Amino acid sequence: MPTVNTPFTVGAYFFGGVMDLFSTFFNMPVLMNSLPQLLSGLLVTVQIGITSIICGLIGGLFLAITRLYAPVIVQVLVRGYIDIFRSIPLLVLLIVVYYALPFVGIRLSPFFSAVTALTLVSAAYTAEIFRAGIEAIPYGQFEASAALGLSNRHTMVDVILPQAIRIVIPPLTNNCINVMKDTALASVVAMPDLLKQATQAQALSANPTPLIGAALIYLILLWPMVYVVARLEKRYSRGR
Amino acid sequence: MSAQINIHNLKKSYGEFQVLHGIDLEIAQGEVVCVIGPSGSGKSTLIRCINRLESFDDDSEIAVDGIAVVPGRALAAVRAEVGMVFQSFNLFPHMTVLRNVMLAPMRVRHSATKDAEARARVLLERVGISEQADKYPENLSGGQQQRVAIARALAMEPKVLLFDEPTSALDPEMVGEVLDVMKKLAGTGVTMVIVTHEMGFARQVADRVIFMDGGNVIEAGPPAEIFDNPKEERTRSFLHAVLDH
């Protein structure tokens, strides 16, 4: 016999459902319990992220300049590197670094495995960003520098890079956000990062609230960066 | 007396297309030379070869102050002695006017910041823009920017100044202020090679006018001779086209 759905019964089901939802996904005691664990995970995530971002920026700048100005053979090699590491899925690379390299005697800790994989890929993307920035500088700037007798190094450091970096700040920031997000992959190599801590806390408490907590922490970490990128893009698209 | 700039058999090609057909030219120290001719005649390419912004054939020879203009260490020495002013100014947009003028002396000549700044201020005064020293190039008019570019070239105390159509990108009312600065420079001992379309200026300032066409020097001589009594038919027809209208 079909149930008659009066407004009252619908309301009761709905209310009960919402209560279930809350005690399942937003369980305050569980969240409070797991919070220290999540925050220690956040610290690890930030450490991996910032280390990889800095190494990626340095590596990317080096690759970009080599790709543009090194002898042709080196240029070809750098180009190969950039294409390979932009093609390979980060998760695959990470697993190769952590699980395959030990077979040839290279044993990296989970932290260095994650930083290595993230840096290798981030440097490839950053190199392309820097290259685009350098190539966007009018040729007259190179000519004026040469005519003044500036060395290649001074031309780059004093004239070209300060202008190029201005252009590439929005895409670089975007790349930083991606690196930060991709740190979550480190959890598959037993790195106690934010996501790993959350899944462990979830298993322990048999409740998904820590996962929701972790998701919120990622949001709080990255939303401001996304906002900053939008602002930067607006500002630089208008010109200086 | 050996010339300050020696150009011998200067040839240059872009692929199949030959731009310069073996030019021979000697320019004396302190001489002011204006190079005129139709567009595509190779006059810009000629002066861009003098500091090797353009490469040229291996059997061609250019020497500035006796130093061969070949790639390598010697080239930096030549470029430090040879200033250049471009059609599109090419100021460094991320630096103030003052820093633009200070940069090369500090980096190439290793001048102290204090000395470079003092000298830059003197030069900016000389080209009439001392009040704009702390502004950025984008806030200056074209004429002002080009005068900064001249000051920037002068900061290296060059023996030779190359001008590649310095007034061609300027609004007409700003041409005069740049030419005035150049007139003041002529006769100060610096050798000037000027590619220009300003015939009045060339006539007034040049010691020698060179007419180029099709990658060759067709005719060269004092301005009075070239402008009033050209020997070559091509010079006559060019001057007729640019002057009589």
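Give the value in nm², to one decimal: projected area of the alpha carbon convex hull of the protein assembly as shown, averaged over all directions.
About 38.7 nm², averaged over all directions.
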(message) As I understand it, the value is the acute angle between the Cα axis of helix B:97-108 and the longest principal axis of the Cα atoms of chain B; what does it come to in degrees, rounded to 10?
(response) 80 degrees
(request) List the residues whose amide H sits under 5 Å from the amide H of residue B:35, counting only those 5 or more places along or on another chain, with H placed 1.01 Å from N in the peptide plane. (result) B:194, B:195, B:196, B:210
(request) Given the options A:115, A:96, A:179, state which has the largest fluctuation in a GNM of chain A using a 10 Å cut-off (strictly under) for Cα springs. (result) A:96
(message) Which one, A:40, A:63, A:183, is farthest towards the positive end of the dipole of chain A when Lys and Arg carry +1 and Asp and Glu -1 on their Cβ?
(response) A:63
(message) Give me a comma-separated list of calculated 3J(HN,Hα) values for segment B:176-190, in order, Karplus coefficients 6.51, -1.76, 1.60 applied at θ = phi - 60°, integers in Hz, x for any Gly or Pro.
(response) x, 5, 6, 5, 4, 4, 5, 4, 5, 6, 5, x, 8, x, 7
(request) Can you check how the C-alpha radius of gyration of chain B compares to 2.2 N^0.38 Å, as a plain ratio? (result) 1.01
(message) If I model a spin label as a point 7 Å beyond the Cα along the Cα-Cβ vector, how far apart are those points for residue A:178 and residue B:109 in nm?
(response) 4.7 nm
(request) On a 0 to 90° scale, report how tilted helix B:113-126 is relative to the longest principal axis of chain B, with both axes built from alpha carbons and the result rounded to the nearest 10. (result) 60 degrees
(request) Step through the residues of segment A:62-71 one at a time and calculate ³J(HN,Hα) from phi using the Karplus curve (6.51 cos²θ - 1.76 cosθ + 1.60, θ = phi - 60°), rounding each to whole Hz and writing x for Gly and Pro. (result) 4, 4, 4, 5, 5, 5, 7, 10, 6, x
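Rounded to the nearest 0.05, what FRET efficiency do residue B:240 and residue A:227 have when you use their Cβ-Cβ distance and R0 = 60 Å? Could the numbers behind the result be given before it?
On the way: r = 65 Å, r/R0 = 1.09.
It comes to 0.40.
Once you compute Rg and the Kirkwood Rh from C-alpha atoms, what is the Rg to Rh ratio for segment A:35-239? Please list the in-between numbers first.
Values: Rg = 19.9 Å, Rh = 18.8 Å.
Computed over Cα atoms, the ratio is 1.06.
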(message) Let me understand segment B:86-138 better: what is its radius of gyration from the alpha carbons, and its Dmax, in angstrom?
(response) 10.8, 30
(message) Taking a ≥ b ≥ c as the square roots of the Cα gyration tensor eigenvalues, with a/c under 1.5 meaning rounded and otherwise prolate when a/b beats b/c, else oblate, which class fits segment B:31-95?
(response) oblate
(message) Under the rule of at least 5 residues apart or a separate chain, name every residue whose amide H is placed under 5 Å from the amide H of residue B:20.
(response) B:12
(message) Just to verify a number: FRET efficiency for residue A:153 and residue A:206, C-beta to C-beta distance, R0 = 60 Å, to 0.05?
(response) 0.50
(request) Let me know the mean shielding of B:44-55 by other chains, meaning the per-residue number of their Cβ atoms within 10 Å of its Cβ. (result) 1
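Can you give me the accessible area per residue for chain A, using a 1.4 Å probe, in Å²? Don't skip to the end; give the middle numbers.
Values: 13320 Å² over 240 residues.
I get 56 Å² per residue for chain A.
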(message) Given points 7 Å out from each Cα along the Cα-Cβ axis, report the residue B:138 to residue A:24 separation in nanometres with one decimal.
(response) 5.5 nm
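Take the Cβ-Cβ distance between residue A:103 and residue B:76 as r, set R0 to 35 Å, and report the resulting FRET efficiency rounded to the nearest 0.05.
Values: r = 51 Å, r/R0 = 1.46.
It comes out at approximately 0.10.
Over 24 Å between Cα atoms, which of B:114/B:184; B:159/B:184; B:43/B:183 qualify? Please list the in-between numbers first.
Numbers: B:114/B:184 27 Å; B:159/B:184 16 Å; B:43/B:183 21 Å.
Among B:114/B:184; B:159/B:184; B:43/B:183, the Cα-Cα distance tops 24 Å for B:114/B:184.
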(request) Springs between alpha-carbon atoms under 10 Å, Gaussian network over chain A: tell me which of A:105, A:49, A:80 tops the mean-square fluctuations. (result) A:105
(request) Specify the angular offset, from 0 to 90 degrees and rounded to the nearest 10, of the alpha carbon long axis of helix A:161-182 from the longest principal axis of the alpha carbons in chain A. (result) 30 degrees
(message) I'd like the Kirkwood hydrodynamic radius of segment A:109-165, using the inverse of the mean 1/r over distinct C-alpha pairs, in Å.
(response) 13.1 Å
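The values are calculated or read from the model by the stated rules, or taken from the named source; none is laboratory data. All values reported here derive from a predicted model rather than from experimental measurement. Note that we place each Cβ from the backbone using ideal geometry, even for glycine, and neighbour counts take in every protein chain shown. Accessible surface is based on the protein model in full, side chains and every heavy atom, while ligands, DNA and RNA are left aside. Shrake-Rupley method; radii C 1.70, N 1.55, O 1.52, S 1.80 Å.
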